[in-house]
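*Asks:* I am attaching a structure below and will ask some questions about it afterwards.
The values are calculated or read from the model by the stated rules, or taken from the named source; none is laboratory data. In this text, all values refer to a predicted model and were calculated from it rather than measured experimentally. Cβ placement follows ideal geometry from the backbone for every residue including glycine, while neighbour counts extend to all protein chains displayed. These accessible areas exclude ligands, DNA and RNA; they are computed on the full protein's heavy atoms, side chains included. Shrake-Rupley method; radii C 1.70, N 1.55, O 1.52, S 1.80 Å.
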Amino acid sequence: TSAQIGVTGLAVMGRNLARNFARNGYTVAVHNRTATRTRELVAEFGHEGDFVAAETAKEFVAALERPRRLVIMVKAGDPTDAVIQEFAPLLEPGDMIIDGGNAHFADTRRRERELREQGIHFVGTGISGGEEGALHGPSIMPGGSKESYEPLGPMLEKISAKAQDGAPCVTHVGPDGAGHFVKMVHNGIEYADMQLIGEAYQLLRDVAGYSPARIADIFRTWNTGRLDSYLIEITAEVLSHVDAATGKPFVDVVVDQAEQKGTGRWTVQIALDLGVPVSGIAEAVFARSLSGHAALREASRGLAGPKPAALDEAEAAVFADRVEQALYASKIVSYTQGFHEIAAGSAEYGWDIDLGAVSAIWRGGCIIRAAFLDRIRAAYDARPDLPSLLSDETFAREIAAAQDDWREVLVAATRQGVAAPGFAAALAYYDALRAERLPAALTQGQRDFFGAHTYRRVDRDGSFHTLWGGDRSEASA
Ligand code: NDP
């Protein structure tokens, strides 16, 4: 039998992806460095479809029909290179290697270039949705050549999540590293979404004085409105969960130090390189890092804070509604920043990424799936060259309606001494963008003063320098 697709790397993601292909009627060759995993997969799930178990790389490649479609789902980094080195010599021109791991897009660009010389298509593919998504339908972000999408796209469309309107959550994102770049920014936005939700929770707890169970109910209500999303839904589940051992809210028995695997950090690093202000995403990454500094936090615990003031029941209810506004407005800002980064990456690397199509494939399967993404797609459909999501009329109107509450929430957070860096960074971004004048003019003056870095004038073209150490006359630079 010849298989239409092969998956090598059969840990949680690869195993579920292979099952997903098989359940959709494809014959799937399966392979793993440690062969017991391959045998286990076939023994446990062989009844779900047609699997061809391969013990060696040679057997694996021989089992695939041409052009060969070989999916790598191994640990990202060196293991990916090791696996490519093992398989590439066995492949022929026209075959393709699909890397579904969380690779850095710069690695993907390098691998694509190297394999292209051999006539092999390298399809760096972002896959989101965790192990459940891999099995039941993930959001898929393939990069690579356009030609490779023709024999591959229909299969990915079949196994992908479907949005509410039935559209498959997959599109050819763009050449070489475009898919992994978009997956990276997806994860950065995911960090921001999670941080904003975390801040909303903490404010409802410390300012409104609500219990986790009550906050879970509030999130459930929010989930029926414009915040309707997977992350809000699971937040309610986590907050209402009670620890069996202690009878306490689960959230109170978990160590409050958040971990990360690095894609959020990459999003910020690359944004710095591209000069894109992703302040909200950066705060989310820093918030996780701050949480992990246990000794520093311990040493800081005695520092002074404000006197807490309790809200009465009516005030708390008003405050909770305001938090919804603040959360929604901040969410618009983090997506604005994320899409700005994708647009900048696309321009830098010549990817020609369709931002509307990207928002459309995030509507299902992935961690940030949300009703909200339909609105983003509508914004880009209406105006593909939209300079920023904030310039979309609908979003601008919604923020206009939310901003008073957003500010009040930050006033309350400040007064009560509750850190809300995500909300604050988002509002600062909004206020800075809409400002008539920024203190950057003063910065330019300082730079010219100490370093003769020159400045431009509002009323004349050219560069100028003031003779600060002399008579303070101005010279054309
Ligand atoms: P892991 O990242 O834990 O990787 C384990 C797999 O990699 C095993 O099959 C292992 O083989 C193989 N492997 C490791 N080193 C080598 C090597 N040098 N040569 C050959 N094979 C090697 O598995 P996951 O399923 O969690 O993730 C797979 C990929 O998917 C990763 O890149 C991950 O970042 C990405 N991803 C994961 C998500 C998740 O929710 N977990 C979501 C989206 C993407 P062996 O059994 O022999 O040790």
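*Asks:* Within the stretch 402-434, can you find the residues that are open to solvent by 40 Å² or more (accessible area, probe 1.4 Å), assigned to a loop (DSSP other than H, G, I, E, B) and among the aliphatic types (A, V, I, L, M)?
*Replies:* Within the stretch 402-434, just ALA419 meets the criteria.
*Asks:* Let me ask another. In the stretch 13-35, how many residues are within 8 Å of the ligand (Cβ to nearest atom) and open to solvent by 20 Å² or more (accessible area, probe 1.4 Å)?
*Replies:* 4
*Asks:* Another question about this same structure. Which residues, counting only those in the stretch 186-221, are small (Gly, Ala, Ser) and without any contact (Cβ under 8 Å) to a residue 40 or more places away in the chain? Even if it seems obvious, please write down each step before you answer.
*Replies:* Looking only at the stretch 186-221, we keep the residues that are small (Gly, Ala, Ser), and these are 188, 192, 198, 200, 208-209, 211, 213, 216.
Across the stretch 186-221, the qualifying residues are SER211, ALA213, ALA216.
*Asks:* Given the options ALA370, ALA329, name the one that is over 17 Å from the mean Cα position of the chain (by Cα) and surrounded by 20 or more Cβ atoms within 10 Å (Cβ to Cβ). Let's see the steps before the verdict.
*Replies:* Values: ALA370 fails: over 17 Å from the mean Cα position of the chain (by Cα).
Among ALA370, ALA329, only ALA329 is over 17 Å from the mean Cα position of the chain (by Cα) and surrounded by 20 or more Cβ atoms within 10 Å (Cβ to Cβ).
*Asks:* Here is a list: ILE189, ILE215. Which entry is over 30 Å from GLY94 (Cα atoms), crowded, with 23+ Cβ neighbours inside 10 Å and more than 21 Å from the chain's Cα centre (by Cα)?
*Replies:* Details: ILE189 fails: more than 21 Å from the chain's Cα centre (by Cα).
Sole residue among the options that is over 30 Å from GLY94 (Cα atoms), crowded, with 23+ Cβ neighbours inside 10 Å and more than 21 Å from the chain's Cα centre (by Cα): ILE215.
Residue-wise test of (1) at pLDDT below 95; (2) of a type in the set (A, V, I, L, M, F, W, C); (3) assigned to a loop (DSSP other than H, G, I, E, B).
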position: VAL83; (1), (2), (3): no, yes, no
position: ILE97; (1), (2), (3): no, yes, no
position: GLY101; (1), (2), (3): no, no, yes
position: ALA106; (1), (2), (3): no, yes, no
position: GLU114; (1), (2), (3): no, no, no
position: THR125; (1), (2), (3): no, no, no
position: GLY133; (1), (2), (3): no, no, no
position: GLU157; (1), (2), (3): no, no, no
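*Asks:* Can I ask one more? Can you work out which of the residues in the stretch 41-67 that are aliphatic (A, V, I, L, M) and in a helix (DSSP H, G or I) is farthest from ARG23 (Cα to Cα)? Give the steps one after another, and end with the answer.
*Replies:* At the first step, the residues of the stretch 41-67 found to be aliphatic (A, V, I, L, M) are 41-43, 52-54, 57, 61-64.
Filter once more, keeping what is in a helix (DSSP H, G or I): 41-43, 57, 61-62.
Working: LEU41: 14, VAL42: 13, ALA43: 15, ALA57: 24, VAL61: 21, ALA62: 22 Å.
Applying the filter and picking the extreme gives ALA57.
*Asks:* Can you tell me which of VAL285, VAL318 is over 20 Å from the mean Cα position of the chain (by Cα), open to solvent by less than 80 Å² (accessible area, probe 1.4 Å) and β-branched (Val, Ile, Thr)? Full working, then the answer.
*Replies:* Details: VAL285 fails: over 20 Å from the mean Cα position of the chain (by Cα).
One residue alone meets the criteria, VAL318.
*Asks:* Looking at (1) within 30 Å of MET141 (Cβ to Cβ); (2) surrounded by 16 or more Cβ atoms within 10 Å (Cβ to Cβ), find the lone condition where GLU259 falls short.
*Replies:* For GLU259, the exception is condition (2).
*Asks:* Then there is this: With PRO151, PRO175 as the choices, which residue is away from the ligand (no atom under 16 Å from the Cβ), out of contact with any Leu (no Cβ under 7 Å at 6 or more places or on another chain) and under 23 Å from ALA57 (Cβ atoms)? Steps first, please.
*Replies:* Values: PRO175 fails: under 23 Å from ALA57 (Cβ atoms).
When all the criteria are applied, what remains is PRO151.
*Asks:* I would also like to ask the following. When the stretch 48-85 is examined, which residues are found to be without any contact (Cβ under 8 Å) to a residue 60 or more places away in the chain, closer than 26 Å to GLY25 by Cβ and open to solvent by 40 Å² or more (accessible area, probe 1.4 Å)?
*Replies:* Correct list: GLU48, ASP50, ALA53, GLU55, GLU59, ALA62, ARG66.
*Asks:* If you don't mind, there's one more thing I want to ask. Open to solvent by 10 Å² or more (accessible area, probe 1.4 Å), near the ligand (Cβ under 10 Å from one of its atoms) and out of contact with any helix residue (DSSP H, G or I) (no Cβ under 6 Å at 6 or more places or on another chain): is that true of GLY129 in this structure?
*Replies:* Numbers: open to solvent by 10 Å² or more (accessible area, probe 1.4 Å): yes; near the ligand (Cβ under 10 Å from one of its atoms): yes; out of contact with any helix residue (DSSP H, G or I) (no Cβ under 6 Å at 6 or more places or on another chain): yes.
Yes, satisfied.
*Asks:* Could you check the stretch 194-208 and list, in sequence order, the residues that are assigned to a helix (DSSP H, G or I) and either among the hydrophobic types (A, V, I, L, M, F, W, C) or open to solvent by 10 Å² or more (accessible area, probe 1.4 Å) (or both)? If you could, list the steps in order and put the result at the bottom.
*Replies:* Residues of the stretch 194-208 assigned to a helix (DSSP H, G or I): 194-206.
Result: MET194, GLN195, LEU196, ILE197, GLY198, ALA200, TYR201, GLN202, LEU203, LEU204, ARG205, ASP206.
*Asks:* If you go through the stretch 86-126, how many residues are within 16 Å of the ligand (Cβ to nearest atom), surrounded by fewer than 24 Cβ atoms within 10 Å (Cβ to Cβ) and polar (S, T, N, Q)?
*Replies:* Number of matching residues: 1.
*Asks:* Further question: When residues of the stretch 405-422 are filtered for being within 14 Å of PHE286 (Cβ to Cβ) and touching a Leu at 6+ places or on another chain (Cβ under 7 Å), how many remain?
*Replies:* First pass over the stretch 405-422, keeping only residues within 14 Å of PHE286 (Cβ to Cβ): 419-422.
Add one more test, that the residue is touching a Leu at 6+ places or on another chain (Cβ under 7 Å), and what stays is 420, 422.
Residues that pass the stated criteria total 2.
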